[in-house]
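Asker: Provided herewith is a single structure, encoded as structure tokens, for subsequent inquiry.
The values are calculated or read from the model by the stated rules, or taken from the named source; none is laboratory data. Just so it is clear, the model here is predicted, and its values are computed rather than measured. Glycine gets a Cβ as well: all are built from the backbone with ideal geometry, and neighbour counts include every protein chain shown. Ligands, DNA and RNA are stripped out before the accessible areas are found, and what is left, the full protein with its side chains, is counted by its heavy atoms. Shrake-Rupley method; radii C 1.70, N 1.55, O 1.52, S 1.80 Å.
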Amino acid sequence: MPTRSRPIYTDPDKRKTLDDLASLVTDGAVVAVGGGLSSREPMALLRAILRRRVTGLTVVGSAHGIDIDLMCAGGALSRSSESYIGFEQDFGQAPNYRRAIESGAVKADDSCCYTLVQQLRAAIQGLPFMPMRSARGTSFPSLHPEYRQMVCPFTGEELLLVPAIEPDVALIHAQYGDARGNLVIQGPPVADLLFAKASRVVLATVEEIVPTQRLGELGGISIPYFYVTAVSEVPMGAHPTACYPFYAYDRPHTALYYEAARKGLDVFSAEYLDVFIHGSPDHADYLARIGGEATRKRLASWSNGPEAWKLLYLDEAMA
């Protein structure tokens, strides 16, 4: 049963550096990674964590891709409680993730998206478990001895009980925030709102820190300040995943990543980790290595309208 009290963060100014945020993720932590698939994943923060050589992390989330694959290659993970890790229709399976699972370096706790939702809801409400129907009739219960079955005393229906998940820390990238830690997420929030409420520590990077009064103009607050421990302004902090309306998914960079990853960990370490992670001391250097302002402008064509984005995607897909 959840026993830890959820901290309330009321500091009037929570602005920190990216390295300050990364220092709050310690060995062995249970980490909820925000965003999903190829959109709004906290990539700059994950790279900063990898530079610190953090190990033994357990990650929880829904459907993810390059973020978790990179953490596997960087040696940061020991367990993965995700519903999907892959590169969607573009490239297929996640090479580093698959190698880590098959070698036993990372233990996979296969789950599904809605199971995660119910487990987070239990933690938020201070309950030890939450009932659900959707995983019945699947092999998930056989993979999770901690799940229990119960006959509902009111209806006689057999339900599956899943235990609460309380992440030690949530990592979230949002479009906008203010100095107090209020966050605005534009587009699908995925599980980020639940992560913020269920986790003890919430570390946020944002594209822009703006005055509080502007947040209403930008769509309103998605995650209020009292959930957020610290915030850092990190432009292009989700790259190479997308962060609408600032920039699109960087398919060429992801192709470079994937080509190195599929050749094996030694090649990936030499061609990617040693260049973009350990050979890149900070986020500013990373941005320079990926092409700087030219890359930002190329990806920002997303903001010129849906037709421009479709043409950009088609051009890159046919390249």
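Asker: Output the residues belonging to the stretch 276-302 that are open to solvent by less than 50 Å² (accessible area, probe 1.4 Å) and either under 17 Å from ARG51 (Cβ atoms) or basic (Lys, Arg) (or both).
Answerer: Within the stretch 276-302, PHE276, ILE277, GLY279, SER280, HIS283, ASP285, TYR286, LEU287, ILE290 meet the criteria.
Asker: Another question, then. Which residue out of GLU166, GLU146 is surrounded by 16 or more Cβ atoms within 10 Å (Cβ to Cβ), in contact with a Pro (Cβ under 8 Å, 6 or more places away or on another chain) and either acidic (Asp, Glu) or not in a helix (DSSP H, G or I) (or both)?
Answerer: The unique qualifying residue is GLU166.
Asker: Tally time: how many residues in the stretch 241-275 are farther than 14 Å from GLU41 by Cα and in a helix (DSSP H, G or I)?
Answerer: Initially, the stretch 241-275 is screened for residues farther than 14 Å from GLU41 by Cα, giving 245, 251-253, 255-275.
Now restrict to residues that are in a helix (DSSP H, G or I): 251-253, 255-262, 265-275.
Number satisfying all stated conditions: 22.
Asker: Taking only the stretch 220-240 into account, find how many residues are aliphatic (A, V, I, L, M), more than 23 Å from GLY65 (Cβ to Cβ), part of a loop (DSSP other than H, G, I, E, B) and in contact (Cβ under 8 Å) with a residue 40 or more places away in the chain.
Answerer: So the first thing to find is which residues in the stretch 220-240 are aliphatic (A, V, I, L, M), and the list is 221, 223, 228, 230-231, 234, 236, 238.
So of that shortlist, the ones also more than 23 Å from GLY65 (Cβ to Cβ) come out as 221, 228, 230-231.
Imposing the further condition that a residue be part of a loop (DSSP other than H, G, I, E, B) reduces the set to 221, 228.
Filter once more, so that each one left must be in contact (Cβ under 8 Å) with a residue 40 or more places away in the chain: 228.
Qualifying residue count for the region: 1.
Asker: I want to confirm something. Restricting to the stretch 177-212 and keeping residues that are buried (at least 23 other Cβ atoms within 10 Å of the Cβ) and hydroxyl-bearing (Ser, Thr, Tyr), which single residue is nearest to THR115 (Cα to Cα)?
Answerer: My answer is SER199.
Asker: Okay, moving on. Return the total of residues in the stretch 169-223 being farther than 23 Å from THR26 by Cβ and among the basic types (Lys, Arg).
Answerer: Of the residues in the stretch 169-223, 2 are farther than 23 Å from THR26 by Cβ and among the basic types (Lys, Arg).
Asker: Same structure again: Could you give me the residue pairs with C-beta distances under 7 Å whose first residue belongs to the stretch 256-275 and is touching a residue at least 12 places away in the same chain (Cβ under 8 Å) and assigned by TED's automatic domain parsing to the domain that holds ARG51, whose second residue is in a helix (DSSP H, G or I) and open to solvent by 80 Å² or more (accessible area, probe 1.4 Å) wherever it lies, and which are 6+ apart or on separate chains?
Answerer: What qualifies is ALA260/GLU271; VAL275/ARG289.
Asker: Any residue that is assigned by TED's automatic domain parsing to the domain that holds ALA22 and among the β-branched types (Val, Ile, Thr) - is there at least one of those in the stretch 134-142? Lay out the reasoning, then the answer.
Answerer: So in the stretch 134-142, the residues assigned by TED's automatic domain parsing to the domain that holds ALA22 come out as none.
No: the stretch 134-142 contains no residue that is assigned by TED's automatic domain parsing to the domain that holds ALA22 and among the β-branched types (Val, Ile, Thr).
Asker: For the stretch 98-124, enumerate the residues that are modelled with pLDDT of 95 or more, part of a loop (DSSP other than H, G, I, E, B) and surrounded by fewer than 17 Cβ atoms within 10 Å (Cβ to Cβ).
Answerer: Result: GLY104, ALA105.
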